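What follows is a short report on a single structure.
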Amino acid sequence: MTESDSRGLTGRVAVVTGAARGIGAAVAAALSEEGAVVAALDRDEAELEAMAGRVGSGVYPYRLDVADEAEVEAVGAKIESDIGPVAVLVNVAGVLRTGEVTELTTEDWAATFAANTSGVFHLCRFAARTMRSRRAGAIVTVGSNAAETPRVGMAAYAASKAAATQFTKCLGLELAPYNVRCNVVSPGSTNTAMQHALWQSPDGYAKAVAGDLESFRTGIPLGRIAEPEDVARLVTFLVSDHARHITMQNIYVDGGGSLR
């Protein structure tokens, strides 16, 4: 038996949302490398197709808006019909709307929660039903260290991620009797387009690492921001049989930035 086979992912159907780029794309690639059959979901159909082409066989792209409840149910059923029963779900899809609360619009708030919280609920509800009936499965929600560490200008994002984190833990408690595990992975600053959008100058990377006392933001003790693959490796472990006794946990991948 190879090390990959021992993880128990070979041939399993894994659904990954937000898979077109960034952390989602890295997770899709990592699970594919472990032998999983990956259903890659994203709103951006062109980028999704490009990612699937780069990764190669074993990755099946499906256009999906996670905020659309009916679309989630329809696409979920299609995945099971096309490629098999869902054994793994990784919630990565999310949006970032920044701004201080006094300037934040109702639309910004609603859009953030629609993707980051309701989207997680929609996918988890579908996956939980099918996993519970088979008495097996693993779910990971990619949250954020902002869920427990206040950030200036990120109230909507932080609140939505905090809600998704606690939701995933509650789901884990409900599904534990059915041998379905639910965990959260919380990255800090990660080298993605979302992170780059926060940078206001060419030295954005250095500033992210150094921190900013004026905005009460600590730096990163390890002296670097994460790469998407750093997050993907932990996700892959958590959905594998190597983590069979781990559930309802929230593990940070932030280089020590939250000082936990």
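The values are calculated or read from the model by the stated rules, or taken from the named source; none is laboratory data. None of these values were measured; they are calculated from a predicted model. For neighbour counting, all protein chains shown are included, and Cβ atoms are generated from backbone atoms with ideal geometry for every residue, glycine included.
Here are 115, 26, 46: which of them is hydrophobic (A, V, I, L, M, F, W, C) and without any contact (Cβ under 8 Å) to a residue 24 or more places away in the chain? Full working, then the answer.
On the way: 115 fails: without any contact (Cβ under 8 Å) to a residue 24 or more places away in the chain; 26 fails: without any contact (Cβ under 8 Å) to a residue 24 or more places away in the chain.
On inspection, the qualifying residue turns out to be 46.
Quick check on my filter: what residues within region 95-124 are of a type in the set (Gly, Ala, Ser) and at negative phi? Steps first, please.
So the first thing to find is which residues in region 95-124 are of a type in the set (Gly, Ala, Ser), and the list is 99, 110-111, 114-115, 118-119.
Once the filter is applied, which keeps residues that are of a type in the set (Gly, Ala, Ser) and at negative phi, region 95-124 yields 110, 111, 114, 115, 118, 119.
From the set of residues in region 137-158 that are on the phi < 0 side of the Ramachandran plot and surrounded by fewer than 18 Cβ atoms within 10 Å (Cβ to Cβ), which is farthest from the chain's Cα centre (by Cα)?
By that ranking, first place goes to 152.
Quick test for you: out of 24, 56, 76, 84, pick the one residue that is at pLDDT 95 or above and on the phi > 0 side of the Ramachandran plot. So that I can check it myself, show each step before the final result.
On the way: 24 fails: on the phi > 0 side of the Ramachandran plot; 56 fails: at pLDDT 95 or above; 76 fails: on the phi > 0 side of the Ramachandran plot.
Residue meeting the stated conditions: 84.
What pairs come up if the first residue lies in region 128-148 and is under 13 Å from residue 175 (Cβ atoms), the second is of a type in the set (Lys, Arg) and buried (at least 24 other Cβ atoms within 10 Å of the Cβ), and their beta carbons are under 7 Å apart, counting only those six or more places apart or on different chains?
Filtered contacts from region 128-148: no entries.
List every residue pair whose Cβ atoms lie under 7 Å apart, where the two residues are 6 or more positions apart in sequence or sit on different chains, the first residue falls within region 177-196 and is at positive phi and modelled with pLDDT of 95 or more, and the second residue, located anywhere, is of a type in the set (Lys, Arg) and surrounded by fewer than 23 Cβ atoms within 10 Å (Cβ to Cβ).
179/135
Scan region 224-240 and tell me whether some residue there is over 27 Å from residue 86 (Cα atoms), in a loop (DSSP other than H, G, I, E, B), among the hydrophobic types (A, V, I, L, M, F, W, C) and within 22 Å of the chain's Cα centre (by Cα).
Scanning region 224-240, I find at least one residue that is over 27 Å from residue 86 (Cα atoms), in a loop (DSSP other than H, G, I, E, B), among the hydrophobic types (A, V, I, L, M, F, W, C) and within 22 Å of the chain's Cα centre (by Cα), so the answer is yes.
Quick check on my filter: what residues within region 117-139 are farther than 12 Å from residue 87 by Cβ and aliphatic (A, V, I, L, M)?
Result: 120, 123, 128.
Considering only region 228-247, state which residues are within 11 Å of residue 187 (Cα to Cα) and without any contact (Cβ under 8 Å) to a residue 60 or more places away in the chain.
Scanning region 228-247 gives 230, 234.
Pick out, from region 1-97, the strands (runs of 3 or more DSSP E) lying fully within it that include 3 or more residues that are touching a Pro at 6+ places or on another chain (Cβ under 7 Å).
Details: elements: 13-17, 37-42, 59-63, 86-91.
In region 1-97, no matching strands (runs of 3 or more DSSP E) lie anywhere.
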